[in-house]
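Asker: To start, I am sharing the structure in question, which I have written as structure tokens.
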Amino acid sequence: MRARVSTLTAAASVAALAAAPAGARDKHDGIVVQDLAYGEVLFGYFQEDYFTALTRLLAAQERNEIPHHSAEAELMLGGLYLSYGQHRLAGEIFERVLKDAVEPELHDRAWFFLAKIWYQRGYLSEAEAALGRIGGELPEELEPQRQMLNAQVLMDQGRFADALAALQTWKRPGDAWVGFVKYNIGVSLVRLGQVEEGARVLDEVGQMEPLNTELDALRDKANVALGYAWLQASRPVEAKPSLQRVRLDGPFSNKALLGVGWSDAETSDYRAALAPWLTLRDRNLLDSAVQESLLAVPYAFAQLGADKQAADHYTDAIAAFNGEIEHLTASIDAIEHGALITELLGQHPDAAPETSGWYWRLDKLPDTVESRYLYELLASNRFQEGLKNYRDLLQLNRNLDRWSESLGAFDDILDTRQKAYEQRLPKVDESLASVDLDALAARRVELASRLQAIERSEDVVALGTPKEQQTWRTLEQMEPKLAGLPNDSESDELRAKQHFLKGLLLWDLRRDYKARLWAEKKSLGELDRELREAQRRHHQVQSGRDDWPEKFAQLTARIDGLGPRVETLKTTAATQLAHQQTFLQGLAVEELEAQRDRLRTYMVQARFALASIYDRAAAQAGTAPQSPADQALAGAPQ
Amino acid sequence: MVARWIASTCLVMLAFGGGLASAQGTAGETVVAAAAPEFANADAQSAAARDESRTLDEDVQGLKKQVLDLNRDLFLLEEELLFPASTQVAVFVSMDVGEYFGLDSVELKLDNKNVTNYLYTEREVDALVKGGVQRVFLGNLKAGEHELVAVFTGQGPHTRDYRRGASLKFEKGIGPKYIELTISDRESKQQPEFVVKEWE
């Protein structure tokens, strides 16, 4: 078989490809797949069916079915474990296998992908250690990713000075990653308190010429970050230009509009601040910037002395916050009843997922109230990795259910075989007893020695046909009788006739002797073969008869042993599935509760501000106003 | 001051909560949402949250390993029970085509009895083209002489339809018998044919 998989690519692919779906690769050229079982593993792997591929590989190793690929099989195992999200086991295998005698590129790629999965799963120190094992430079498409991953690992650990040092060694000032590098440098500098320096770098990113949607988003993000850095440093004048550079239709425009308003408000230009904030208040209330604008607008009106408008806007805000709090409470309730997972997986939670493992990612959020509130959480690695585990647990549950059913069937099959064996046993025993293979073998030996004797003595008569042998005997028996006859012409003629006939027969026998000897030897050879086959079959039947009870006991013991394992794991899997669901729901509920708490705080602020306006109005007019705002204030939950 | 307080709530969210998500793919390719900036780093977890997440993750990994080992043992048991070595016959399909060949189906007859009619998905064909080997049939046969007839259909270059067959008389001994059917265009360029190989 001309195979597509070379030793290097198979091994490298599995390790390296742990991060890139198999479909991304093209044909391979290379050496032969020499063991069918190895090809079967690849068949599963290339379909991203890692569970099946792993099971097949583990079974193949157990049965020693891949002698020609044993070296790469171990690395394949590590790669498959990694692809299936078993990063601990993958790490152990890489540790062992990649230590020596492996191409440096393969070694480095394997550790890179392991670092990546460890980072995604929040194993930061392990990710850092794995990155530290990379000895050289990775291929061009991976090297920038390695450097960025390294910086992210350090930044997530709060080690901004180390991250900065790593980022500043970036050697490719002209490549497409430079914006991301600069952004992270800017962030690190600000976090290290070097605001001026950080702002300068972020400003550069904020003014980059965008080439694609990613850079657009990056530029917006840098501008917002920079603007808020200046606001935080009480320098609103510097904040405004960068915030104004953010696209109005981009994902960061709400934050930018809010910030622009605050930069104006900080310079007491409340009239200017109202413009962006009024734009914001008509936007989607799910956004925290929009929610904040509901308070900012009346605040600006109040600062401008427009108490009536301020009171109306505060009243609207309280109503809007109330409505949102109700929605959030309903969403929290729905999530606690399991709605979120069902919606996210787009199917009934008991349905089996098509693929499993590390590559899978939720690529589309369902359009539901819950997911709109939870957009950022759902997109986070923490949630995504948890969701992957949830899906894998679903698959494990299905798998265990299937085996649980199959084991019952195995028991039935075994019982049926046992009954069939017991029924056939007397017949088999009878049949075995009726065949005397030893006697047959002895007969064969006798025949062989007879043939040998015939050949040695060239006994041509012995190989004659029965008729020839009968004729020969008759002619021989005639000889003494003819010898006793008188010596007359009649007797002489009879003797001559007998002599002639005997000579004629002998001539015929001699003529046919060699062919007959060859035929006899051939027959003996065939007899040998048949005898051997009979002995083999006899032995097979005998072994089958004798071995079955032990085989039956052994298979029964295996089924009996596997049954409890399946049931125990079923219980564990169900428990873990419930834990995983609780964990994911907990993350979501925690997030929604934080949003609800924020809205409640906003509401308190709105009521407090509204009350202050009323107090002021009452002090001025001598009586309290009776406006819709009063009613809202009176009816609002505490 | 109210303004300062309100703004600060937003600042908390925006306050450089960590690194920026970097593009997941190579810089030149289209990277869906890879660079979508995350403001407050949604992954900047508290140590307690990270611990909980890790504990769960490690529990899941432990369980996965146990289930994988169980599947290995069950796989071996199932084969030994249902397809003992003395009667086991397996037919495999692989591909060795230089030009693209879209395999549609493989049909197998053993001793004139239809045993498999397998229809392929694109993903399976892709896996075969890349070097995977599919066990398309696993069954039991008595020792002795048997005949396998295999037919495949598919579409070759220039959307040309193909239907090719092969037959093989083989001897089933006491051990398992493996037959590999390779769809190959090596012998005649751009003309896929079955190449049959027996494995012991």
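Coordinate-derived values only; no laboratory data. Predicted, not measured: the structure shown is a model, and the values here were computed from it. Neighbour counts are summed over all protein chains in view; Cβ atoms, including those assigned to glycine, are modelled from backbone coordinates with ideal geometry.
Asker: For A:Lys171, give me every one of the lysines with a C-alpha distance below 19 angstrom, ignoring sequence neighbours fewer than eight places off in its own chain.
Answerer: Those lysines meeting the cut-off are A:Lys182.
Asker: Can you bin every Cα-Cα distance in chain A into 10 Å intervals starting at zero and give me the percent of pairs per bin, rounded to whole numbers?
Answerer: Computed distribution, short to long bins: 3, 10, 14, 15, 13, 10, 8, 6, 5, 4, 4, 3, 2, 2, 1, 1, 0, 0, 0.
Asker: Could you give the nm distance between label points at A:Val604 and A:Ala618, where each point is 7 Å from its Cα heading toward the beta carbon?
Answerer: 2.1 nm
Asker: How far is helix A:195-206 tilted off the main Cα axis of chain A, in degrees rounded to 10, range 0 to 90?
Answerer: Tilt of helix A:195-206: around 60 degrees.
Asker: Just add up the charged neighbours of A:Met478: K/R +1, D/E -1, any other residue whose Cβ is under 11 Å from the Cβ of A:Met478. Numbers along the way, then the final one.
Answerer: Numbers: positive: A:Arg473, A:Lys481, A:Arg495, A:Lys497, A:Lys502; negative: A:Glu476, A:Glu479.
Neighbour charge sum, excluding A:Met478 itself: +3.
Asker: Another one. For chain A, find the longest principal axis of its Cα atoms and tell me its angle to the long axis of helix A:104-120, 0 to 90°, nearest 10.
Answerer: 50 degrees
Asker: Sorted from largest down, give the three principal axis spans of the alpha carbons of the range A:496-606, whole angstrom values.
Answerer: Each principal axis gives a Cα extent; for the range A:496-606 these are 150, 32, 12 Å.
Asker: Sorted by average packing, counted as other Cβ atoms within 10 angstrom per residue and highest first, what order do A:38-45, A:376-383 take?
Answerer: Put in order of decreasing packing, that is A:38-45, A:376-383.
Asker: Let me confirm one metric for peptide A:46-59, namely the mean number of other chain beta-carbon atoms within 10 Å of its residues' beta-carbons. List each step's numbers first, then the result.
Answerer: Numbers: counts 9, 9, 2, 2, 1, 4, 2, 1, 5, 10, 4, 2, 7, 8.
What the average comes to for A:46-59 is 5.
Asker: To the nearest whole percent, what portion of all C-alpha pairs in the range A:95-187 is separated by more than 16 angstrom?
Answerer: Within the range A:95-187, distances greater than 16 Å cover 54 percent of Cα pairs.
Asker: Can I ask one more? Within the range A:526-549, whose backbone N sits under 17 Å from a point 7 Å along Cα→Cβ of A:Asp429?
Answerer: Only A:541-549 fall inside the zone, counting backbone N under 17 Å.
Asker: What is the gain in length, in nm to one decimal, between A:Glu376 and A:Ala519 on full extension, counting 0.36 nm per residue of separation less the C-alpha to C-alpha distance? Kindly include the intermediate steps, with their values, before the conclusion.
Answerer: Details: separation 143, 0.36 × 143 = 51.48 nm, distance 9.08 nm.
Difference between extended and current length: 42.4 nm.
Asker: For the pair A:Glu479/B:Glu198, report the inter-label distance in nm, with labels modelled 7 Å from Cα in the Cβ direction.
Answerer: 5.5 nm
Asker: Can you tell me the length gained on complete extension of the stretch B:Arg163 to B:Glu122, counting 0.36 nm per residue apart and subtracting the Cα distance?
Answerer: Working: separation 41, 0.36 × 41 = 14.76 nm, distance 1.81 nm.
Roughly 13.0 nm would be gained on extension.
Asker: Using 0.36 nm per residue of separation minus the Cα-Cα distance, give me the extension gain between A:Ala420 and A:Thr568 in nm, one decimal.
Answerer: The span from A:Ala420 to A:Thr568 would gain 50.0 nm if fully extended.
Asker: Moving on. Would you mind computing, in nm to one decimal, how far apart the modelled labels at B:Tyr100 and A:Ala129 are, each placed 7 Å from Cα along Cα→Cβ?
Answerer: The two pseudo-label positions are separated by 4.6 nm.
Asker: Name the residues of the range A:116-137 whose amide N is less than 17 Å from a point 7 angstrom out from the Cα of A:Ala594 along the C-beta direction?
Answerer: Counting backbone N atoms under 17 Å from the label point, the list is A:122.
Asker: Give the angle, between 0 and 90 degrees and rounded to the nearest 10, that separates the Cα long axis of helix A:178-191 from the longest principal axis of the Cα atoms of chain A.
Answerer: 50 degrees
Asker: Could you please report the charge total around A:Asp412, scoring K, R as +1 and D, E as -1 over all other residues with beta-carbon less than 13 angstrom from its beta-carbon?
Answerer: -1
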